[in-house]
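Each reported figure results from applying straightforward, stated rules to the coordinates on display, with no laboratory input. As the structure is a computational prediction, the values presented were derived from the model and not from experiment. Please note: Cβ atoms are built from the backbone with ideal geometry, for glycine as well, and neighbour counts cover all protein chains shown.
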Amino acid sequence: RGFADSTAGWAAASTSPGASTSALAAPSLSPSARRAAPVTLVIGTMADKDVDGLIAALGTSRSLAGARVIATAVPGGRALPPEALAARWLAAFPESDVGFAADPIAALEQAVITAEGPVVVAGSLYLVGAARARLVDDPELRDPGASGPA
């Protein structure tokens, strides 16, 4: 498996109500999300957001039940370190399969290559944007002067 044949969905939330919206939207991210295979969730957020609210909303979503979680960093000084995000997820859901990768693209690659089912990217808009730029090359959405995906 690789990026070209991946099934990925994305949701972004910067506040607790947004997290609830993301969790409610998760079942409709892709028709493949209804498969029996478990979801792999790539998540990254800013430290000054309602991290525990985001974790609670996503972790209790039926569509993400049993998901494997890969915590990652997002760009910027306000980012919550992925190790801290993984620890907070485990504190809330001790039975979860949680790992982390410092680089968001490495986390996405790890998720896509190892996923048994759909990959969902959630949390910060910065993370969702980076994932979308990597997975979907849309020239209309590129920054001026930017080339295609790396």
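Between the amide H of VAL121 and those of GLY9, TRP10, ALA11, VAL42, distances stay under 5 Å, these residues lying 5 or more places away or on another chain, with hydrogens modeled in the peptide plane.
Neighbour counting of Cβ atoms within 10 Å sorts the residues ARG62, ARG78, ARG68, fewest neighbours leading, into ARG62, ARG78, ARG68.
Under 5 Å between amide hydrogens, built in the peptide plane, is the criterion, and for LEU80 it picks out THR45, MET46, ALA47, VAL74 among residues at least 5 positions away or on other chains. Put in line by how crowded their Cβ is, counting other Cβ atoms within 10 Å and starting with the fewest, SER63, SER96 read SER96, SER63.
If a spin label sat at a point 7 angstrom from the Cα of GLU116 along the line to its beta carbon, the backbone N atoms of segment 60-98 nearer than 14 Å would be those of 65-69, 97-98. Summarising the label geometry, the points placed 7 Å from Cα in the beta-carbon direction at GLU140 and ALA87 lie 4.5 nm from one another.
For a paramagnetic label modelled at 7 Å from the Cα of ALA47 toward its Cβ, which residues of segment 62-89 fall within the zone defined by backbone nitrogen distances under 20 Å? Output list for this probe position: 71-89.
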